[in-house]
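Below you will find the structure I want to go over with you.
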Amino acid sequence: MGEYRLDRLGEQIRDEISRLILGAKIKDPRVSTFLSITRVEVSGDLGYAKVYISSFLEPSETKKGIKGLESAAGFIQGVLGKKLKIRQFPKLTFVFDESIREGFEMVRKIDSLEKSSETGENSPE
């Protein structure tokens, strides 16, 4: 399958799983609406799809949410299989991704540097 089609399928999977999470359709209490899907990588043979999960929550809470998603993977695959109507639906694996948290920390550090330069702490005099 072409790279563009794999990317498009990954985006469709990401959108549908995000809707399930935000709509509270996944009944597992570990799955929080604060979980975000950063990206989905679909293998070339459509056998597997890695779903990268990130959040502003503590890493331990995010990992609990991932465990909840793993236990609901069959339900998620069933819903997605009906909506996307593809012949072979990939097996979903959920992966912890710290990109949102790292980005938030980076912005916080930049803000603190800007504030310190405004107050004159690092002035070149």
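Computed from the coordinates by the stated procedures, all read-outs in this text should not be read as laboratory data. These numbers come from a predicted model, not from an experiment. Cβ placement follows ideal geometry from the backbone for every residue including glycine, while neighbour counts extend to all protein chains displayed.
Can you tell me which of LEU46, LEU57 is aliphatic (A, V, I, L, M), more than 23 Å from LYS25 (Cα to Cα) and out of contact with any strand residue (DSSP E or B) (no Cβ under 6 Å at 6 or more places or on another chain)?
On the way: LEU57 fails: more than 23 Å from LYS25 (Cα to Cα).
Result: LEU46 is the single residue among LEU46, LEU57 that is aliphatic (A, V, I, L, M), more than 23 Å from LYS25 (Cα to Cα) and out of contact with any strand residue (DSSP E or B) (no Cβ under 6 Å at 6 or more places or on another chain).
Take the residues in the stretch 1-38 that are surrounded by fewer than 17 Cβ atoms within 10 Å (Cβ to Cβ) and basic (Lys, Arg), then tell me which one is farthest from the chain's Cα centre (by Cα).
ARG5
Then there's this: Please enumerate the residues belonging to the stretch 8-26 that are part of a helix (DSSP H, G or I), of a type outside the set (A, V, I, L, M, F, W, C) and in contact (Cβ under 8 Å) with a residue 12 or more places away in the chain. Can you show your working first?
Just the residues of the stretch 8-26 that are part of a helix (DSSP H, G or I), to begin with: 8-22.
Filter once more, keeping what is of a type outside the set (A, V, I, L, M, F, W, C): 8, 10-12, 14-16, 18-19.
Of everything in the stretch 8-26, those that are part of a helix (DSSP H, G or I), of a type outside the set (A, V, I, L, M, F, W, C) and in contact (Cβ under 8 Å) with a residue 12 or more places away in the chain turn out to be GLY10, GLU11, GLN12, ARG14, GLU16, SER18.
For the stretch 59-90, enumerate the residues that are surrounded by fewer than 14 Cβ atoms within 10 Å (Cβ to Cβ), in contact (Cβ under 8 Å) with a residue 12 or more places away in the chain and not in a helix (DSSP H, G or I).
ILE86, GLN88
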